[in-house]
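Q: One structure, pasted below without further comment.
The values are calculated or read from the model by the stated rules, or taken from the named source; none is laboratory data. Note that this is a predicted model, so its numbers are computed, not measured. Cβ atoms come from the backbone with ideal geometry, glycine included; neighbour counts cover every protein chain shown.
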Amino acid sequence: MMNESPELKKEILREIVTQKMPFGKYKGTLLADLPISYLEWFLRKGGFPPGKLGERLATVYEIKNNGLQEILFNLKRIYLK
């Protein structure tokens, strides 16, 4: 997310609180609501899926791994009115 435009960064943050996991154990769960243990499982199994979904999951992981869940809470208040 470092070299991306501010508009793209905003879009990524919006997507992680509005998009749902498309497959697996947590299918239908908002990306922002996935437990960190599930995100860590991806890392143990070789990494996040390729493409946009993997980037979104990595973003959620970084936010949660750094104790910044309040960001997700505030984003959900903005985008899930």
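Q: Checking the condition out of contact with any His (no Cβ under 9 Å at 6 or more places or on another chain), surrounded by 13 or more Cβ atoms within 10 Å (Cβ to Cβ) and at pLDDT below 95, which residue from K10, K76, K81 passes?
A: K76
Q: If a residue must be part of a helix (DSSP H, G or I), surrounded by 14 or more Cβ atoms within 10 Å (Cβ to Cβ) and not hydrophobic (A, V, I, L, M, F, W, C), how many such residues does the range 17-47 contain?
A: Looking only at that region, the number is 3.
Q: Can you find a residue in the range 60-68 that is assigned to a loop (DSSP other than H, G, I, E, B) and small (G, A, S)?
A: yes
Q: For E15, work out the one condition from (1) under 10 Å from the mean Cα position of the chain (by Cα); (2) without any contact (Cβ under 8 Å) to a residue 40 or more places away in the chain it doesn't fulfil.
A: (2)
Q: Has the range 22-38 got at least one residue that is closer than 13 Å to G54 by Cα and either in contact with a strand residue (DSSP E or B) (Cβ under 6 Å, 6 or more places away or on another chain) or among the β-branched types (V, I, T) (or both)?
A: Checked the range 22-38: no residue is closer than 13 Å to G54 by Cα and either in contact with a strand residue (DSSP E or B) (Cβ under 6 Å, 6 or more places away or on another chain) or among the β-branched types (V, I, T) (or both).
Q: Out of (1) closer than 24 Å to E70 by Cβ; (2) basic (K, R); (3) surrounded by fewer than 16 Cβ atoms within 10 Å (Cβ to Cβ), what's the single condition that is false for K52?
A: It is condition (1) that K52 fails.
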